[in-house]
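The values are calculated or read from the model by the stated rules, or taken from the named source; none is laboratory data. Predicted, not measured: the structure shown is a model, and the values here were computed from it. Please note: Cβ atoms are built from the backbone with ideal geometry, for glycine as well, and neighbour counts cover all protein chains shown.
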Amino acid sequence: MSETPGKQQNTAAFYGQAVASFAVAMAATAIGIYRLSADAWVRGFLAVAVLYLVTSSFTLAKVVRDRQEGAGAPAYPPFEKR
């Protein structure tokens, strides 16, 4: 018996939880940076660093997803040796 892989769909609850978790994490980080007792340039540097980390994370997730969905997608995790 063989199973054909189908496109896996996430539930609305899982999507909502992911969005809410991201929003809470970003809000908590923003509040923490805002309330930090440091100079404005230090808070600005931390804010830019957080934004860079978030955009890099989204880019990495997209690259990994695109590679897995591609025609030549490996059957092993991306960091496993061939």
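Pairs are defined by a Cβ separation below 9 Å, a sequence spacing of at least 6 or placement on different chains, a first member in segment 38-67 that is under 18 Å from Phe79 (Cα atoms) and part of a helix (DSSP H, G or I), and a second member that is modelled with pLDDT of 95 or more and of a type in the set (A, V, I, L, M, F, W, C); no pair meets this definition. Filtering segment 47-56 to residues that are surrounded by 11 or more Cβ atoms within 10 Å (Cβ to Cβ) and of a type in the set (Gly, Ala, Ser) leaves Ala47, Ala49. Inspect segment 69-80 for any residue being modelled with pLDDT of 95 or more, of a type in the set (Asp, Glu) and not in a helix (DSSP H, G or I) and give the result as yes or no. Within segment 69-80, none of the residues are modelled with pLDDT of 95 or more, of a type in the set (Asp, Glu) and not in a helix (DSSP H, G or I). If the condition is being part of a helix (DSSP H, G or I) and exposed (fewer than 10 other Cβ atoms within 10 Å of the Cβ), then segment 3-33 contributes Ala12, Ala13.
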